[in-house]
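What follows is a short report on a single structure.
Derivation of every value follows stated rules applied to the coordinates shown; laboratory data play no part. None of these values were measured; they are calculated from a predicted model. For neighbour counting, all protein chains shown are included, and Cβ atoms are generated from backbone atoms with ideal geometry for every residue, glycine included.
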Amino acid sequence: MLIGTMNHPERNVLEEIAWMAEAGMEFLDLTLEPPGAPSWEIDTISIRRALDQHRMGVVGHTAWYLPTASAIPEIRHAALTELRRCLRKFGDLGAKWMNIHPDRHTPWHDRRFYIERNLDTFEELLPTAREAGVGLMIENLPGDYNSAPQLGDLLDRMPELGLHLDIGHANLQVPHDTTEEILAAYGDRLRHVHLHDNKGGHADLHLPLGTGTVNVQRGVEALQRCGYDGTITLEVFTPDRHHLTYSRDLLRTTWERSKEALASAHKVSSLKQTF
């Protein structure tokens, strides 16, 4: 398991990498957003050099507000142009996966409409993704894409799409945390994870781990049960960076303890089967 965090869109990417490396982050969740990291201006050579220097990996993140399902064709195609540019940049940086936030902002249109328009956008992105060597993954979002059936509207139709599970989001606008439900249905499609805390309801607070109602232990156990051992981004958005390093240590401890408990359980199960 690798722990990383995300650059602030208003800040210089190279400066962000420097403090992240000092904080022990193992990869950069690079969000290509203006004003600090616009896809059309970033220097991929310098960023890759900095990542190599600090032995950090990179995961691709795109702006959450891109209108990939817009009812206005020219606007949807503008989002498609931006995502294609992001794919090429992430390919240059050596990223293996890029996330997309499925759109749902289509006033006067029903769910079927925006599902189909999202799928059109994703299908049109695939040739560029293949050329860049970067896979596409969709992030669960509170409200419209936060349960297994809702995500299935997209994942079931496109086998090439990966799952980007945001465990913090899975605790928002739902009767109960949907992490285990989503992983039970699509754990084999899991490619990346976001983790942060909140207090349920509608507020996406991005708190340090252990300060809200997200059950980190259960989330980690669910990840390990489906065999996940990849990248986890700590989306802890507080001014004090000690909150990030505290969350890093809490996640690492929780992960190792859960791993040991799972191994012990498997050992006991194997012994029982032997006798």
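Within the range 227-241, being part of a loop (DSSP other than H, G, I, E, B) and either among the small types (Gly, Ala, Ser) or over 17 Å from ALA170 (Cα atoms) (or both) holds for GLY227, TYR228, ASP229, GLY230, PHE237, THR238, PRO239, ASP240, ARG241.
Of the residues ARG104, ARG85, only one is in a loop (DSSP other than H, G, I, E, B), among the basic types (Lys, Arg), without any contact (Cβ under 8 Å) to a residue 60 or more places away in the chain and in contact with a strand residue (DSSP E or B) (Cβ under 9 Å, 6 or more places away or on another chain); which?
Numbers: ARG85 fails: in a loop (DSSP other than H, G, I, E, B).
Going through ARG104, ARG85 in turn, the sole match is ARG104.
Only one of the numbered conditions (1) farther than 17 Å from LEU234 by Cα; (2) surrounded by fewer than 19 Cβ atoms within 10 Å (Cβ to Cβ); (3) in contact (Cβ under 8 Å) with a residue 40 or more places away in the chain is violated by PHE90, and that is (2). For the range 7-60, a residue qualifies if it is closer than 21 Å to LEU83 by Cβ, over 16 Å from the mean Cα position of the chain (by Cα) and of a type in the set (A, V, I, L, M, F, W, C), and the qualifying residues are VAL13, ALA37, TRP40, ILE42, ILE47.
Looking at the structure I just gave you, is LEU209 aliphatic (A, V, I, L, M) and part of a strand (DSSP E or B)? Step through it out loud before you land on a result.
On the way: aliphatic (A, V, I, L, M): yes; part of a strand (DSSP E or B): no.
Answer is no for this residue.
Only residues that are surrounded by fewer than 14 Cβ atoms within 10 Å (Cβ to Cβ) and not aromatic (Phe, Trp, Tyr) were counted in the range 34-49, giving 7.
The test for being surrounded by fewer than 15 Cβ atoms within 10 Å (Cβ to Cβ) and basic (Lys, Arg) does not hold for ARG117. Of all residue pairs spaced 6 or more apart or on separate chains, none has beta-carbon atoms under 7 Å together with a first member in the range 127-143 that is part of a helix (DSSP H, G or I) and a second member that is polar (S, T, N, Q) and buried (at least 18 other Cβ atoms within 10 Å of the Cβ).
A count restricted to the range 52-86 and to residues that are crowded, with 22+ Cβ neighbours inside 10 Å and closer than 27 Å to TRP19 by Cβ stands at 5. Take ALA71 and decide whether it is assigned to a loop (DSSP other than H, G, I, E, B) and more than 18 Å from the chain's Cα centre (by Cα). It is true that ALA71 is assigned to a loop (DSSP other than H, G, I, E, B) and more than 18 Å from the chain's Cα centre (by Cα).
Every residue, every condition in (1) of a type in the set (Gly, Ala, Ser); (2) surrounded by fewer than 21 Cβ atoms within 10 Å (Cβ to Cβ), yes or no:
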{"site": "THR128", "(1), (2)": "no, yes"}
{"site": "VAL134", "(1), (2)": "no, no"}
{"site": "PRO142", "(1), (2)": "no, yes"}
{"site": "THR178", "(1), (2)": "no, no"}
{"site": "ILE182", "(1), (2)": "no, no"}
{"site": "GLY187", "(1), (2)": "yes, yes"}
{"site": "LYS199", "(1), (2)": "no, yes"}
{"site": "ASP204", "(1), (2)": "no, yes"}
{"site": "VAL214", "(1), (2)": "no, no"}
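Taken across the range 12-33, residues that are touching a helix residue (DSSP H, G or I) at 6+ places or on another chain (Cβ under 9 Å), crowded, with 21+ Cβ neighbours inside 10 Å and in a loop (DSSP other than H, G, I, E, B) do occur, with at least one present.
Residues that are among the basic types (Lys, Arg) and within 16 Å of ALA79 (Cβ to Cβ) were ranked within the range 100-153; the one that is farthest from the chain's Cα centre (by Cα) is ARG117.
Does THR31 qualify as being free of Cβ contacts under 8 Å to residues at least 60 places away in the same chain, in contact with a strand residue (DSSP E or B) (Cβ under 7 Å, 6 or more places away or on another chain) and polar (S, T, N, Q)? Break it down stepwise before answering.
On the way: free of Cβ contacts under 8 Å to residues at least 60 places away in the same chain: yes; in contact with a strand residue (DSSP E or B) (Cβ under 7 Å, 6 or more places away or on another chain): yes; polar (S, T, N, Q): yes.
Yes.
With respect to SER39, is the statement that it is outside any helix (DSSP H, G or I), of a type in the set (S, T, N, Q) and more than 15 Å from THR231 (Cβ to Cβ) true? Spelling it out, SER39 is indeed outside any helix (DSSP H, G or I), of a type in the set (S, T, N, Q) and more than 15 Å from THR231 (Cβ to Cβ).
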